[in-house]
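The values are calculated or read from the model by the stated rules, or taken from the named source; none is laboratory data. Predicted model, so just to flag it, every value in this text is computed and none were measured. Backbone-built Cβ (ideal geometry, glycine too); neighbour counts: all protein chains shown. Heads up: the accessible areas ignore ligands, DNA and RNA and are worked out on the full protein's heavy atoms, side chains in. Shrake-Rupley method; radii C 1.70, N 1.55, O 1.52, S 1.80 Å.
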Amino acid sequence: MALHVVGTLDELPPGTRKIVEVDGRSIGIFNVAGEFLAIRNRCPHQGAPLCLGEQFGVLESDEPGRYTLRRPGEMVRCPWHGWEFDLRTGQSWFDPERTRVRRYDVKVGEDGRQPGPYVAETYPVAHDRTHVYVEL
Amino acid sequence: MIPGATVIDVDVHNHPASVEDLVPYLDDHWREYLAKTAFAGPPDSAYPPAAPNTGAAPAEVLGDRTRLEEAALGSGDAERAVLSCTYAVESIHNPYAAQAMAAAANDWQAREWLAGDGGGRLGASIVVASQDPDLAAEEIDRVAGTPGFVQVLLPLRSAVPYGNRRFRPIFAAAARHGLVVALHYGGSPGNPPTASGWPSYYAEQYAGMAAIAQTQLTSLIAEGLFDLLPTLRVTVAEAGFCWVPQWLWRADKDWQMLGREIPWVRSPPHEYVRRHVRFSLRPIDGPTDPQALARVVEETEPIHLGSLLMYASDFPHAHGDDEDLRFLDLVSPATRDRILHDTAAAWYPFSERS
Ligand code: FES
């Protein structure tokens with residue numbers, strides 16, 4: 001494990017992202033409301049540049065027509081096929097494999113959603129007063 | 001019938017031979033209304049009288065329990081049967097007349113079909129004026145306690161898809177009473193029987209039913225009806241079944257990409273189907289090679305059709321598919337038992353009556 005400088009604090013204000021190359025890997029660094037999150041820029045489904053996708057909050061509903069939006073900006077949607085990944089854990093929530101693997105065991109998460117089998121790589125990010133670092 | 005097997009037939013048609021059958025079950029006002037006006041009950045029928053697939057059974061057979069049992073169930077091959085009374089009250093524009101005719105049809109069934117059915121061999125369908133969901137729900141509440149009613153019958157076609165909020169009272173009432181809702185071939189006149197307007201011929205309308213069934217099931221899932229009513233059970237009757245896997249391939253995929261619009265839908269559509277939907281066997285819309293049909297029933301993804309099908313004769317309607325039943329000898333014994341008996345036995349709230 002080593003810390004790699006990926007940019008200065010100034011170039012990553014809240015709500016922005018930066019795609020960097022570290023050890024031959026393309027990684028997206030996201031500043032979500034002051035917190036830095038990093039995820040591999042490669043969709044585990046078919047390899048799309050995941051970090052070019054739109055960011056969304058976690059949308060939940062306990063009844064048709066009622067919506068609760070939590071954790072704004074913490075999900076990224078793959079630009080190719082629209083599956084959503086959690087920027088904190090890399091967990092996908094829409095599971096394409098369930099349509100093919102009949103005996104797939106479905107686990108229901110805390111909030112009632114079902115985690116998919118695809119998980120994108122995430123990395124710890126640190127920063128000091130001037131620079132942002134990713135660890136890998 | 002299927003020799004030597006214990007069978008539940010989930011689609012046998014009973015129907016008043018004429019509106020006269022229902023007169024004893026109408027109140028004074030509606031009796032006078034029938035006598036003194038041109039009104040003669042539903043102006044429409046799902047089945048054109050002389051069409052070859054309507055079948056040749058005389059109206060008197062469909063209107064008489066003993067004769068229908070003899071004609072459709074034979075000498076005891078079918079352990080039980082579910083009656084589908086497609087009395088087309090949805091084609092009556094006066095909502096109170098529609099409700100009165102529906103109630104009369106239900107009381108007629110209760111008295112003349114269920115009360116005398118000592119062994120509890122028959123399950124009947126509650127007729128409702130689906131064009132007015134509140135009245136329909138009241139009617140379900142009124143008769144659901146009568147032993148022998150096992151489902152609520154809705155015509156497959158509706159003015160807007162059934163997942164729409166306006167229909168919730170009907171589905172909620174059925175779920176409340178533990179009744180199945182059957183979406184059965186037929187439907188609301190005044191609305192085209194295809195998704196793209198009016199066809200020219202009955203042949204088009206009949207063949208188009210599978211597409212409407214897909215629309216209705218997609219709607220029930222997308223509008224969250226099964227999330228709101230976790231015990232709801234829906235039978236799609238007389239609309240075929242080989243389209244189910246193909247529809248689900250598409251529906252599952254679209255849910256993955258578009259599901260954010262309907263966040264209350266938390267599982268892929270095929271999981272809702274597995275939990276909440278079953279299909280009647282007739283008409284058989286599969287390959288004519290029985291081996292190929294057996295493979296479709298046993299092997300398709302994302303869902304095992306053999307666990308969703310329930311035997312149906314669709315008496316008196318004729319589909320020319322008796323030969324196709326040979327596939328039943330080529331599926332596994334467990335699948336065969338499910339189709340002929342087990343799935344329906346667990347699905348319908350049959351009651352033992354004495
Ligand atoms: S490549 Fe990302 S969803 Fe398919």
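In the range A:66-100, the residue that is nearest to the ligand (Cβ to nearest atom) out of those that are modelled with pLDDT under 95 and among the small types (G, A, S) is A:G82.
Selection over the range B:169-190 of residues that are closer than 18 Å to B:T215 by Cβ and either among the hydrophobic types (A, V, I, L, M, F, W, C) or open to solvent by 40 Å² or more (accessible area, probe 1.4 Å) (or both) gives a count of 7. Filtering B:T288, B:T231, B:T215 for residues that are part of a loop (DSSP other than H, G, I, E, B), open to solvent by 60 Å² or more (accessible area, probe 1.4 Å) and at pLDDT 95 or above leaves a single hit, B:T231.
Selection within the range B:252-275: residues that are buried (at least 19 other Cβ atoms within 10 Å of the Cβ) and more than 10 Å from chain A (Cβ to nearest Cβ). The member of this set that is farthest from the chain's Cα centre (by Cα) is B:Y272. Residues in the range B:62-79 that are surrounded by fewer than 22 Cβ atoms within 10 Å (Cβ to Cβ) and touching a residue at least 12 places away in the same chain (Cβ under 8 Å): B:G63, B:D64, B:R65, B:E69, B:A71, B:L73, B:G74, B:D77, B:E79. Looking at B:A222, B:A182, which one is away from every other protein chain (no Cβ under 14 Å) and of a type in the set (G, A, S)? After applying the criteria, what remains is B:A182.
Checking each residue in the range A:47-83 for being in a loop (DSSP other than H, G, I, E, B), over 16 Å from A:A33 (Cα atoms) and of a type outside the set (A, V, I, L, M, F, W, C) picks out A:G47, A:P49, A:G53, A:P64, A:G65, A:P79, A:H81, A:G82. Residues that are under 15 Å from A:E135 (Cα atoms) and either in a strand (DSSP E or B) or modelled with pLDDT of 95 or more (or both) within the range A:20-34 comprise A:V20, A:E21, A:V22, A:R25, A:S26, A:I27, A:G28, A:I29, A:F30, listed in sequence order. Could you go through the range B:151-166 and let me know if any residue there is in contact with a Lys or Arg (Cβ under 8 Å, 6 or more places away or on another chain) and more than 18 Å from B:V10 (Cα to Cα). Yes, the conditions are met somewhere in the range B:151-166. Here the range A:25-65 is the region considered, the condition is being among the charged types (D, E, K, R) and touching a strand residue (DSSP E or B) at 6+ places or on another chain (Cβ under 9 Å), and the residue that is nearest to the ligand (Cβ to nearest atom) is A:R42. On the stretch given as the range A:69-91, residues that are surrounded by 15 or more Cβ atoms within 10 Å (Cβ to Cβ), of a type in the set (A, V, I, L, M, F, W, C) and within 11 Å of another protein chain (Cβ to nearest Cβ) total 4.
Any residue that is closer than 19 Å to B:F315 by Cβ, part of a loop (DSSP other than H, G, I, E, B), modelled with pLDDT of 90 or more and touching a His at 6+ places or on another chain (Cβ under 7 Å) - is there at least one of those in the range B:56-66? Taking every residue of the range B:56-66 in turn, at least one turns out to be closer than 19 Å to B:F315 by Cβ, part of a loop (DSSP other than H, G, I, E, B), modelled with pLDDT of 90 or more and touching a His at 6+ places or on another chain (Cβ under 7 Å). The set of residues in the range B:321-354 that are exposed (fewer than 14 other Cβ atoms within 10 Å of the Cβ) and without any contact (Cβ under 8 Å) to a residue 12 or more places away in the chain comprises B:D322, B:P333, B:A334, B:A346.
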